[in-house]
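Peer 1: My questions all concern the structure below.
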Amino acid sequence: MWCGCASGLSHEPGEDAMICVSVGRGSHRHLLSERKFLAETLGAKLVEMRLDYLQRVPELSQLLPGREVPVVVTCRRKSDGGGWNYSEEQRLVTLRSAIAAGVEFVDLEEDIAKKIPRYGKTKRIISYHDFLSTPSDEELDEIHEHLSAMDADIVKIATMAREPSDNLRIFKLLLRKAKQKPTAAFCMGELGVPSRILCGRYGSVLTYCSGNAERLLAPGQLTFQSMVQTYRYDQINQETEIFGVIGDPIAHSLSPQIHNAAFEQLKMNCVYIPFRILPTDLHSFMREVVPALGIRGISVTIPHKEAIIEYLDKYDGAAQNIGAVNTVMIDGHQRVGVNTDYRGVLESLEVGCRERWNVENPLAGRRTLVLGAGGVSHAICYGLNRRGARVTVTNRTLSRAQELGTRLNLEVIEWDKRDRAEYDLLINATRVGMYPNVNDTPYPVAKLNPTMVVFDAVYNPENTLLIKGAQQKGCTTITGVDMFVRQAMLQFNGFTRREAPYAVMREAIKRATSVVRY
């Protein structure tokens, strides 16, 4: 087993894989300040100093003495995805000077590796970046051998993921090569996020992340805090069970925060990962990626809730009636689909409405207006029907509301007429009011009646403009956070057969939607 003496890097799969935090700032002072904060406050063990982001020629005498943690010095050209604005000769001088100063690691592109000889104890990361695609298995092997031959201590290969299976290609490369030469390999881009989280499981000695959500230095980077706190990267090993959420888009999803918080609370060796899956990639994901990674459970969001049914062995009656699945449980080769949305919303509605009307079945006979006709609306309307509510549905695109109305035998009205009748219960099942469009509302606040119960399925932010307006009017309000947590608890129970920790999951979503994020 190879170890870098400065950092303790190991190339055994899942053993001592480290997080390298990339920092790029315009001034020397800010670069040093962020490095210090990452090391002393957040506990980073390795920091990559991106000298190419400095707005003047780097002065290593200011940057390297007194460093709190081992560092990687990187100085990337614009053609390599960096920001270097000076001459190539000055860049080479800077890299040689960093080595002479005894920096722990220096990152060199393959075309300059022979121009900068080994000196002292500095370890050499010889890197290859492909910002367009992920090469074939054969090409990756050739690239790895080429880099290894350049006196590399670590071979680094970063490619762009264009489809979910590109992540698998990188994992296979690691399994083939990481024991021969310490290797850092992962995919860039949003489709490559799973590889950044799981690469250590397959033998990568490093994964890279950003120190700050506002300064991501490569496509698909996660923040250091999310890697440590949400995904618990350093605890992922070959026995870790994998779960995830699929959708397009998926970056906004807060499901990883709450499920991973539950895993941590119950001390389960599991990780829950976001997978951005384009509609055209759903087939390959279900047929190739799921079995290859051994994924045990999947949360399903837009636009896959209906299409996913094709890939299931069976699904429950609710999913059949709703026509959508939001949860897939995988046991061996058996894939079972259920819909927890309707149960989650029913529990939330019944608790809130019982406070207002104090009857055994608070939804029975209630005049209810549902805004929206998407997958969540289908689940909500199905649940309301089962409880005997008198449901009216509306949508900006009338044909979609009519389709839902026909399916579940509901009254349908035009969107422009949504505020012309009185209702006991108003439900927003659209995305209107969701972050970042927090100043939008799907229903005129002036038309709200104090006798109404208002439920907004949007959970980020919890207090949407509609909820705030309803509270000012004296309405009983129910927020999307409660529904989101309740349906996630049902998913968690289906995935693990363990009771989900409600308080922990609710607190996780509250933290995730707070305005303070580093």
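The values are calculated or read from the model by the stated rules, or taken from the named source; none is laboratory data. None of the values given here were measured: they were computed from a predicted structure. Counting neighbours? That spans all protein chains shown, and the Cβs are built from the backbone with ideal geometry, glycine included. SASA here: full protein model, heavy atoms, side chains in, ligands and nucleic acids out. Shrake-Rupley method; radii C 1.70, N 1.55, O 1.52, S 1.80 Å.
Peer 1: Quick check on my filter: what residues within the stretch 181-235 are farther than 24 Å from ASP80 by Cβ and of a type in the set (Val, Ile, Thr)?
Peer 2: ILE197, VAL228, THR230
Peer 1: Determine which single condition ARG390 fails, assuming it passes every other condition in (1) in contact with a Pro (Cβ under 9 Å, 6 or more places away or on another chain); (2) open to solvent by 30 Å² or more (accessible area, probe 1.4 Å); (3) without any contact (Cβ under 8 Å) to a residue 60 or more places away in the chain.
Peer 2: Just one mismatch for ARG390, condition (1).
Peer 1: Here's something else I'd like to know. Going by the structure shown, is LEU168 modelled with pLDDT of 95 or more and farther than 26 Å from GLU288 by Cα? Even if it seems obvious, please write down each step before you answer.
Peer 2: Working: modelled with pLDDT of 95 or more: yes; farther than 26 Å from GLU288 by Cα: no.
Spelling it out, it is not the case that LEU168 is modelled with pLDDT of 95 or more and farther than 26 Å from GLU288 by Cα.
Peer 1: Restricting attention to the stretch 365-395, and to residues there that are assigned to a helix (DSSP H, G or I) and among the polar types (S, T, N, Q), which single residue is nearest to ALA324 (Cα to Cα)? Write out each step before concluding.
Peer 2: The initial filter retains those residues of the stretch 365-395 that are assigned to a helix (DSSP H, G or I), namely 375-386.
From the residues that got through so far, the ones that are among the polar types (S, T, N, Q) too are 377, 385.
Numbers: SER377: 11, ASN385: 16 Å.
Going through the qualifying residues, I end up with SER377.
Peer 1: Let me ask another. Does ALA429 satisfy the criteria of being touching a residue at least 40 places away in the same chain (Cβ under 8 Å) and of a type outside the set (D, E, K, R)? If you could, list the steps in order and put the result at the bottom.
Peer 2: Details: touching a residue at least 40 places away in the same chain (Cβ under 8 Å): yes; of a type outside the set (D, E, K, R): yes.
So ALA429 passes the test.
Peer 1: Another one. Within the stretch 343-382, can you find the residues that are hydroxyl-bearing (Ser, Thr, Tyr) and open to solvent by 10 Å² or more (accessible area, probe 1.4 Å)? So that I can check it myself, show each step before the final result.
Peer 2: The initial filter retains those residues of the stretch 343-382 that are hydroxyl-bearing (Ser, Thr, Tyr), namely 348, 368, 377, 382.
Hit for the stretch 343-382 is TYR382, nothing else.
Peer 1: Determine the pairs where a residue that is in contact (Cβ under 8 Å) with a residue 60 or more places away in the chain, located within the stretch 19-32, has a partner that is part of a loop (DSSP other than H, G, I, E, B) with Cβ atoms under 6 Å apart, the partner being 6 or more residues away or on another chain.
Peer 2: Filtered contacts from the stretch 19-32: CYS20/LEU46; VAL21/ALA44; VAL21/GLY211; SER22/LEU217; VAL23/GLY211; GLY24/LEU217.
Peer 1: Does the stretch 57-76 hold any residues that are in contact with a helix residue (DSSP H, G or I) (Cβ under 8 Å, 6 or more places away or on another chain) and open to solvent by 40 Å² or more (accessible area, probe 1.4 Å), and which are they? Show your work before the answer.
Peer 2: Going through the stretch 57-76, the residues in contact with a helix residue (DSSP H, G or I) (Cβ under 8 Å, 6 or more places away or on another chain) turn out to be 57-60, 62-64, 67-69, 71, 73-76.
Selection gives VAL57, GLU59, GLN62, ARG67, GLU68.
Peer 1: In contact with a Phe, Trp or Tyr (Cβ under 6 Å, 6 or more places away or on another chain) and of a type outside the set (D, E, K, R), is that true of ILE413?
Peer 2: Numbers: in contact with a Phe, Trp or Tyr (Cβ under 6 Å, 6 or more places away or on another chain): no; of a type outside the set (D, E, K, R): yes.
Taking the combined requirement at face value, the residue does not satisfy it.
Peer 1: For the stretch 435-447, what are the residues that are closer than 22 Å to ASN460 by Cβ and touching a helix residue (DSSP H, G or I) at 6+ places or on another chain (Cβ under 9 Å)?
Peer 2: The first filter runs over the stretch 435-447 and keeps only residues closer than 22 Å to ASN460 by Cβ, leaving 435-443, 445.
Within the stretch 435-447, VAL438, ASN439, ASP440, THR441, PRO442, TYR443, VAL445 meet the criteria.
Peer 1: Please go through the stretch 159-184 and give me each residue that is small (Gly, Ala, Ser) and under 19 Å from the mean Cα position of the chain (by Cα), ordered by number. Full working, then the answer.
Peer 2: Of the residues in the stretch 159-184, the ones small (Gly, Ala, Ser) are 161, 165, 178, 184.
ALA161, SER165, listed by residue number.
Peer 1: Limited to the stretch 110-120, what total is found for residues that are small (Gly, Ala, Ser), surrounded by fewer than 15 Cβ atoms within 10 Å (Cβ to Cβ) and not in a loop (DSSP other than H, G, I, E, B)? First the steps, then the outcome.
Peer 2: Taking the stretch 110-120 and keeping what is small (Gly, Ala, Ser), we get 113, 120.
The next check asks that each one be surrounded by fewer than 15 Cβ atoms within 10 Å (Cβ to Cβ); those that pass are 120.
Keeping just the survivors that are not in a loop (DSSP other than H, G, I, E, B) gives none.
Residues in the stretch 110-120 being small (Gly, Ala, Ser), surrounded by fewer than 15 Cβ atoms within 10 Å (Cβ to Cβ) and not in a loop (DSSP other than H, G, I, E, B): 0 in total.
Peer 1: Separate question: What residue, among those in the stretch 28-56 that are aliphatic (A, V, I, L, M) and under 20 Å from MET227 (Cα atoms), is most open to solvent (accessible area, probe 1.4 Å)?
Peer 2: Kept after step one, since they are aliphatic (A, V, I, L, M), are these residues of the stretch 28-56: 31-32, 38-39, 42, 44, 46-47, 49, 51, 54.
The next check asks that each one be under 20 Å from MET227 (Cα atoms); those that pass are 38-39, 42, 44, 46-47, 49.
Numbers: LEU38: 0, ALA39: 18, LEU42: 44, ALA44: 2, LEU46: 1, VAL47: 0, MET49: 2 Å².
Applying the filter and picking the extreme gives LEU42.
Peer 1: I would also like to ask the following. Considering only residues that are farther than 28 Å from LEU42 by Cα and in contact with a strand residue (DSSP E or B) (Cβ under 9 Å, 6 or more places away or on another chain), which ones fall in the stretch 57-95?
Peer 2: If the condition is that a residue be farther than 28 Å from LEU42 by Cα and in contact with a strand residue (DSSP E or B) (Cβ under 9 Å, 6 or more places away or on another chain), then ARG77, ASP80, THR94 are the ones that fit.
Peer 1: Using the structure shown, decide if SER127 is of a type in the set (S, T, N, Q), open to solvent by 40 Å² or more (accessible area, probe 1.4 Å) and more than 28 Å from VAL245 (Cβ to Cβ).
Peer 2: On the way: of a type in the set (S, T, N, Q): yes; open to solvent by 40 Å² or more (accessible area, probe 1.4 Å): no; more than 28 Å from VAL245 (Cβ to Cβ): yes.
So SER127 does not fit the description; no.
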